[in-house]
Structures are given as structure tokens and as C-alpha cells.
1. For SER217, all conditions in the list (1) in contact with a Ser or Thr (Cβ under 8 Å, 6 or more places away or on another chain); (2) over 24 Å from ALA26 (Cα atoms) hold save one; what is the number of the exception?
2. Can you tell me how many residues within the stretch 209-256 are more than 17 Å from the chain's Cα centre (by Cα) and acidic (Asp, Glu)?
3. Mind listing whichever residues of the stretch 161-208 are over 17 Å from PRO234 (Cβ atoms), of a type in the set (Ser, Thr, Tyr) and surrounded by 22 or more Cβ atoms within 10 Å (Cβ to Cβ)?
4. Report yes if some residue within the stretch 191-198 is of a type in the set (S, T, N, Q) and more than 20 Å from LEU121 (Cα to Cα); otherwise report no.
5. Kindly establish whether GLU125 is under 18 Å from HIS199 (Cβ atoms), out of contact with any strand residue (DSSP E or B) (no Cβ under 7 Å at 6 or more places or on another chain) and in the same structural domain as ILE227 (by TED's automatic domain parsing).
6. Of everything in the stretch 200-251 that's out of contact with any helix residue (DSSP H, G or I) (no Cβ under 9 Å at 6 or more places or on another chain) and either in a strand (DSSP E or B) or modelled with pLDDT of 95 or more (or both), which residue is nearest to ILE182 (Cα to Cα)?
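The values are calculated or read from the model by the stated rules, or taken from the named source; none is laboratory data. Treat the numbers as computed from the prediction; the structure is a model and nothing was measured. Here the Cβ is made from the backbone with ideal geometry for all residues, glycine too, and neighbour counts use every protein chain on show.
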Amino acid sequence: MSPDEILSPREIEIASAYAQGDTYQAIAERLGIAPSTVRTHLATIYRKLEVSSKLELHARLSGAPPDAGMQTDHAAVISELALSLEEALRREQALAEVLRIISRSQGEIDAVMSAILGFALDLCEAEFGILFDHHGERRFAATHSRGIPDPFRDWLDAEGIFAVSPRTGLGRLATGHGVVNIYDVRAEELFQTDDPLRHATAILGGARSFVAIPMMSGDQLAGAFTIYRQSVRPFSAQATALAQTFADQSVIALDNARMVSALRSDTRPP
């Protein structure tokens with residue numbers, strides 16, 4: 001049977017996009033679904049088409065017959081292992097690309113941070129992300145973002161540097177300098193109060209699950225690397241570790257930008 005006879009129209013659309021190189025995030029944005037839903041569809045697609053790699057998927061969609069060696073009763077396990085391997089390779093490629101971008105940035109921090117946030121959202125299956133600078137005494141300012149809903153971005157722009165409650169995610173991060181992983185921002189008691197940041201995050205941003213990673217410069221809190229899902233799907237330890245890696249790279253990028261800026265200032269004619 002051909003793929004068109006085996007897969008639903010939505011599965012065909014997702015399979016074709018993935019085989020052509022689109023990421024979970026790109027497919028999710030185009031179809032208006034969560035990145036995790038894309039992955040669930042792909043696991044089903046791999047099992048139905050009896051493939052174990054993106055190359056095999058591309059071949060099957062192009063008319064190649066299924067691999068006669070794949071046993072149907074093992075198909076679900078094989079499809080899961082195949083996707084997990086591809087995701088591991090994608091993580092390695094993304095981190096290598098981030099390092100390449102940082103090394104060639106010449107201090108162009110906006111482009112670098114946009115790329116870092118983009119990779120983080122894709123690999124952590126999140127809808128949007130924000131990098132906050134810390135200005136001391138639980139005061140933050142959103143300096144870079146990716147995928148953020150317009151109403152939330154407008155609110156952050158209007159606030160500029162703002163103080164946060166110690167009960168918010170950013171407030172807890174500023175106090176303890178540790179990762180803050182919130183199952184559902186609407187489920188916490190804080191959401192029932194008039195806290196402006198929690199209201200903006202949940203209502204204007206539509207966020208539900210949230211993780212904030214401290215960005216440390218030595219022993220000083222430099223900022224927070226935050227990513228958000230618009231459904232209740234807590235971040236796993238693996239996703240949090242990935243976010244920590246991207247937060248660490250963000251600190252490196254910011255330090256590099258400051259050094260480049262300082263060197264340019266020193267070389268300017270008096």
C-alpha cells in the first residue's frame with residue numbers, strides 16, 4: 001500500500017514536512033499544534049510506514065517499498081528508538097551550530113540570542129522563550145524573545161525594568177539562584193491574586209508550563225533564560241538540562257558581545 005493509503009491527510013502533511021527537513025517547531029507553528037503533538041504523529045507515521053529513519057521516511061514517501069525486515073510487533077519500539085536517535089543527533093548539531101554562531105558573531109548579540117532561543121524552543125518543544133536581564137533586587141527586563149505572543153511582548157516592552165514578587169518564577173530564581181520548573185502557572189495560588197507578571201504570563205502569553213534557568217556570571221545572577229509551553233505539559237529533566245545548556249551558551253554570547261564592544265571602544269580614535 002502507498003503512504004497515501006496508509007496515512008491520514010494530516011499525517012501525510014507532517015511526514016512530508018519532516019522528511020524535507022522541517023523541525024518539530026516549524027511544523028507545529030504552521031499547523032497550529034504543539035511540537036509534542038508533531039512528535040506523537042511522527043512516532044505513529046514511522047510505525048505505520050515501517051521505517052526507522054528520516055531517510056527511509058523520505059524514500060517511502062517517494063514510492064519505495066517498506067523494509068521487509070521490520071517486524072510489525074516491534075515496529076512501535078523501533079519507531080520510538082529511531083526518533084530518539086534522530087533527536088539526539090539534532091541536539092548535537094544544534095549545539096555545534098550555536099557555538100559556531102557565537103564564534104562568528106562579532107558582537108551582534110540580537111542575531112545570536114534569536115538563534116539560541118530558536119534552537120532551545122525547537123529542542124525543548126516549547127512555544128516561546130524570553131531572556132531576562134537581572135538588575136538586582138528582583139528587578140528584571142526582557143531583552144530578547146522568540147515566538148512570544150504580541151500582547152505579552154507589548155506588556156514587557158511597556159514595563160521595561162520591573163520588580164517581581166518573590167512568589168513568581170523569576171522571584172524564586174532571583175532568591176535561590178536555582179532552576180524553577182512550574183507545572184502550571186494557572187494552578188499556583190499566585191494566579192488567583194493580582195500579581196501583574198503572573199497575569200501577563202498566563203493571560204497575555206497563554207503560558208501554562210514554564211521553566212526558568214538562572215544565568216550566572218561567576219557567582220552573580222546575570223539574568224534568566226525562560227521557556228514556556230502553552231499547554232500543561234511539564235518540562236522533563238532532559239528538557240531542563242537542555243535549557244540549562246542554552247542558558248550557559250547565552251552567558252558566553254553576552255560576555256563575548258561585551259568584550260567585542262569594549263575592544264571597539266578602545267580602538268576608536270580620540
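1. Evaluating SER217 over (1) in contact with a Ser or Thr (Cβ under 8 Å, 6 or more places away or on another chain); (2) over 24 Å from ALA26 (Cα atoms) leaves (1) as the failure.
2. Total meeting the criteria: 2.
3. Passing the criteria: only THR168.
4. Yes, there is a match, as at least one residue in the stretch 191-198 is of a type in the set (S, T, N, Q) and more than 20 Å from LEU121 (Cα to Cα).
5. Considered against the rule, which asks whether it is under 18 Å from HIS199 (Cβ atoms), out of contact with any strand residue (DSSP E or B) (no Cβ under 7 Å at 6 or more places or on another chain) and in the same structural domain as ILE227 (by TED's automatic domain parsing), GLU125 comes out as no.
6. So, considering only residues that are out of contact with any helix residue (DSSP H, G or I) (no Cβ under 9 Å at 6 or more places or on another chain) and either in a strand (DSSP E or B) or modelled with pLDDT of 95 or more (or both), the one nearest to ILE182 (Cα to Cα) is SER209.
Table: residues versus (1) modelled with pLDDT under 65; (2) touching a Ser or Thr at 6+ places or on another chain (Cβ under 6 Å); (3) closer than 24 Å to LEU121 by Cα; (4) crowded, with 17+ Cβ neighbours inside 10 Å.
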| site | (1), (2), (3), (4) |
| --- | --- |
| LEU31 | no, no, yes, no |
| THR40 | no, no, yes, no |
| ARG60 | no, no, no, yes |
| GLY69 | yes, no, no, no |
